[in-house]
Amino acid sequence: MELGMLLFTIGAFGVAGVLAWRDRHPHYLIALASGQIATLLSPLWQRLYGFSYDPSLDPLFRALDRSLPTAIFLAGWTLMLPPLTIFFLYQRRWWLSGYLTGALTFALFTLYHILIETIGVRAGWWQYANGSVLPFDVSITLLAGLMNGLVSLGGLAVLLITRHYAWPMLLAVVLPTPLLMSALVHGLLGAPLYTVLLLRAQSWAAAIGLIGTLGLILWGAHIIASELGRRPIIGAPVADRMTM
């Protein structure tokens, strides 16, 4: 798996490099790398949400008694693939920034991540300790898809806001965005759910926790879609705009 993912990663960065050179936007390369950086928090999320990776996968490092496989780190760029696709369409005026399009984009991002989760679970690359069903028969893959979809939506918003930023500012803003968004979504918005799961609370408490987390995720998507619904931000002054 590691070799195959390495080849896919090299190909993805190769395409991103071509687009960065042709469109004069290094966003493509920086965003792919930022997705890989976001995977560094994986051991923490494994502890909080009760999942683990296939032990046969070679670990990049271990923390909190959990490992981050090298293949998963290499595949981290897939987190930012949907935002970069929309960014590519936006640059060619094939996608318009608005609340409705933002909401529909969040739905598409969620479906994309549900597909990734489903493939990973069925292939045995990762598994959930307490089964795959939450209160109200909500699938854990749906929750993971919503969370990762929100992270990707936040990444898209940052890509659009920084489309005219100079290199130093672009690196400072875009590179840590998925990591910070993951910390916000999985660490803060998911707290109502993972708290009751860690405490092994009764089913009614778990149900309340799930409702709270789902409500916060949808609220977060509403906020970002509202920002996308405003007039596009011009970005940095002309003197500070990026040149290649």
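The values are calculated or read from the model by the stated rules, or taken from the named source; none is laboratory data. Worth saying up front: this structure is predicted, and the values here are computed from it rather than measured. So basically every Cβ, Gly included, is an ideal-geometry build from the backbone, and we count neighbours across all protein chains shown.
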| field | Candidate set: the stretch 183-212, residues that are within 15 Å of the chain's Cα centre (by Cα), in a helix (DSSP H, G or I) and in contact (Cβ under 8 Å) with a residue 40 or more places away in the chain; chosen: the one surrounded by the most Cβ atoms within 10 Å (Cβ to Cβ) | value | HIS186
| said: Could you tell me how many of the residues in the stretch 67-90 are surrounded by fewer than 17 Cβ atoms within 10 Å (Cβ to Cβ) and either in contact with a strand residue (DSSP E or B) (Cβ under 6 Å, 6 or more places away or on another chain) or at pLDDT below 90 (or both)? | reply: 0
| said: Could you tell me how many of the residues in the stretch 164-182 are touching a residue at least 24 places away in the same chain (Cβ under 8 Å), within 17 Å of ALA33 (Cα to Cα) and either surrounded by fewer than 21 Cβ atoms within 10 Å (Cβ to Cβ) or of a type in the set (A, V, I, L, M) (or both)? | reply: 9
| request: Answer yes or no as to whether ALA236 is among the hydrophobic types (A, V, I, L, M, F, W, C), in a helix (DSSP H, G or I) and either touching a Cys at 6+ places or on another chain (Cβ under 9 Å) or modelled with pLDDT under 90 (or both). | output: no
| request: Output the number of the condition that THR85 fails; it satisfies all remaining conditions of (1) more than 26 Å from PRO26 (Cβ to Cβ); (2) under 16 Å from the mean Cα position of the chain (by Cα); (3) β-branched (Val, Ile, Thr). | output: (1)
| Flag if LEU143 is out of contact with any helix residue (DSSP H, G or I) (no Cβ under 7 Å at 6 or more places or on another chain), touching a residue at least 40 places away in the same chain (Cβ under 8 Å) and crowded, with 20+ Cβ neighbours inside 10 Å | yes
| note | Counted residues in the stretch 45-61 being crowded, with 20+ Cβ neighbours inside 10 Å and without any contact (Cβ under 8 Å) to a residue 60 or more places away in the chain come to 1
| said: I'd like to check something: does the stretch 38-48 contain any residue that is assigned to a helix (DSSP H, G or I), modelled with pLDDT under 95, over 24 Å from THR141 (Cα atoms) and of a type in the set (D, E, K, R)? | reply: no
| field | Residue check, LEU19 in contact (Cβ under 8 Å) with a residue 24 or more places away in the chain and either under 24 Å from ILE161 (Cβ atoms) or within 17 Å of the chain's Cα centre (by Cα) (or both) | value | yes
| request: Scan the stretch 58-68 and give yes if some residue there is part of a helix (DSSP H, G or I) and over 23 Å from LEU180 (Cα atoms), otherwise no. | output: no
